[in-house]
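The values are calculated or read from the model by the stated rules, or taken from the named source; none is laboratory data. Keep in mind that what you see is a predicted model, and the values were worked out from it rather than measured. As a convention, Cβ positions derive from the backbone with ideal geometry for all residues, glycine included, and neighbour counts pool all protein chains shown. Please note that ligands, DNA and RNA were not included when accessible areas were found on the heavy atoms of the full protein model with its side chains. Shrake-Rupley method; radii C 1.70, N 1.55, O 1.52, S 1.80 Å.
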Amino acid sequence: MVNQETDTVILAIETSCDETAAAVVKNGREVLSNIISSQIDLHTLYGGVVPEIASRKHIEKINQVIEEALAEAGMGLKEMDAIAVTYGPGLVGALLVGVAEAKAIAYGTGKPLIGVHHIEGHISANYIENKELEPPFLCLVVSGGHTHLVKVSDYGVYEILGRTRDDAAGEAFDKVARAIGLGYPGGPKIEKAAQKGNHDAIVFPKAKVADCPYDFSFSGVKSAVLNYINGCHMKNIPIIEEDIAASFQKAVTGVLIDHAMMAVEEYQIDKFAIAGGVASNSALRNGMKEACEKRGVRFFHPSPILCTDNAAMIGTAAYYEYIAGRTDGWDLNAVPNLKLGER
Ligand code: KG4
Ligand code: ZN
């Protein structure tokens, strides 16, 4: 039940990459609906996301997805307190569809407009199922476009401790999956293959970045996998995909966990969350859980459906912006390279 006097209900829209999504979120942490229309099947044909196709599909789907989100919540636009939308980072054409739609709805209904940072959305996904989680906490954001180790000092207040210097963790999963013929999207396929493989079969490097111990680099491990495969072809050695997947996954999750625990020890914060598409990887979750438990740190993660792109997480992040009095004007625009913590 929604109490119009006291509850805050937000319609949220997310179109930054290849998911057209809309959600209705009450008081930041209660998801009344969460509709996701995935374009994965279309992009699979090309082995990755084709930006032009993504934008066109968002335009075709957005109205229908919003209508479904409102219908499932049993509410109409007039009952919304605000309209939220991801305005960056992401594919510019894809972002523009959501931003234009949100602006049109907010303008037409006279509701406030709230632009949300996509990564802030991923981090906020943790609030939905963990009602007791509040800042400060540390968060590892691992998605297809980003790898950030973040100190969440307060709602909307972020300090980036480390970031990737080259490929994002999810991107490395996708590229390695393509190299061993597993297809797109690579993360879930690598995870599945790895379950049948030996993670000690091949030792892939865990890259360190000399001048910033919290920064990541995944292009080295990706090249090492490609070199290994080429070496096998040259020597006529059969390639065991499951072993490559398991060994690669061990190298990547190992670096992520090492850096995360270094931050736990330095910052002495006893709550750690993970977020983003790669956060649904069970090897990463289990490794993080074990490492956190060993140090007396509480570990949080969203359900897989809230790890990958969705609009519920955008509605949650928007709620904290809204109660802090931060809304946007009609000049809100898509910002493909938007930095975290910048408004
Ligand atoms: O957060 P997300 O849906 O989109 C971005 O904001 O990038 O993340 C998508 C990424 C893809 O690279 C995908 O391969 C990866 O998350 N991913 C996974 C798993 N599920 C999705 N990586 C590893 N293991 C998984 N189970
Ligand atoms: Zn994302």
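Annotations
- Contour minus Cα-Cα distance for Asp331 and Thr8 (0.36 nm per residue): 113.9 nm
- Most positive-pole-ward Cα, Gly47, Gly76, Ala246, against dipole of the chain from beta carbon charges: Ala246
- Per residue, the average separation of C-alpha pairs within less than 8 Å and at least 6 apart gives the chain a relative contact order of 24 percent.
- Nearest 10 degrees, 0 to 90: helix 51-73 Cα axis against the chain principal axis: 50
- Lysines with Cα under 27 Å of Lys151, excluding same-chain neighbours fewer than 8 positions away: Lys26, Lys131, Lys206, Lys208, Lys250, Lys271, Lys289, Lys294, Lys339
- The residues of the stretch 195-276 present an accessible area of 51 Å² per residue when probed at 1.4 Å with all protein chains retained.
- Based on Cα atoms of the chain, Rg over Rh with Rh as the Kirkwood radius reads 0.99.
- Once the 1.4 Å probe is applied to the protein heavy atoms, the stretch 1-112 comes out at 43 Å² accessible per residue.
- Label-to-label distance, Glu134 versus Arg298, with points set 7 angstrom from Cα along the beta-carbon direction: 1.1 nm.
- If you take all other residues with their beta carbon under 11 Å from the beta carbon of Asp309, and give Lys and Arg +1 and Asp and Glu -1, the sum is -3.
- Here is the P(r) of the stretch 286-343: all C-alpha pair distances, binned every 10 Å from 0, give 16, 33, 30, 17, 4 in whole percents.
- Distance between the stretch 303-343 and the stretch 271-286 - C-alpha centres, whole angstrom: 21
- Between the stretch 50-66 and the stretch 145-199, the alpha-carbon centres lie 25 Å apart.
- The apolar share of the surface of the chain, taken as the fraction of accessible area on carbon and sulfur atoms (1.4 Å probe, ligands and nucleic acids excluded), comes to 51 percent.
- Assigned charges on the beta-carbon of Lys, Arg, Asp, Glu; the chain dipole about Cα centre (debye): 740
- Cα long-axis angle, helix 118-129 against the chain (0 to 90 degrees, to the nearest 10): 80
- Every Cα-Cα pair of the stretch 1-146 was included, and the share exceeding 25 Å stands at 28 percent.
- Backbone HN-Hα couplings from phi across the stretch 265-278 [Karplus 6.51/-1.76/1.60, Hz, Gly and Pro as x]: 5, 6, 8, 6, 9, 9, 9, 9, 10, 10, 8, x, x, 5
- Residues in the stretch 108-114 carry Karplus couplings, in order, of x, 9, x, 9, x, 10, 10 Hz; the curve used is 6.51 cos²θ - 1.76 cosθ + 1.60 with θ = phi - 60°, and Gly or Pro positions show x.
- Estimated 222 nm signal from helices in the chain, with DSSP H stretches of n ≥ 4 weighted -39500 (n - 2.57), rounded to 500: -14000 deg cm²/dmol
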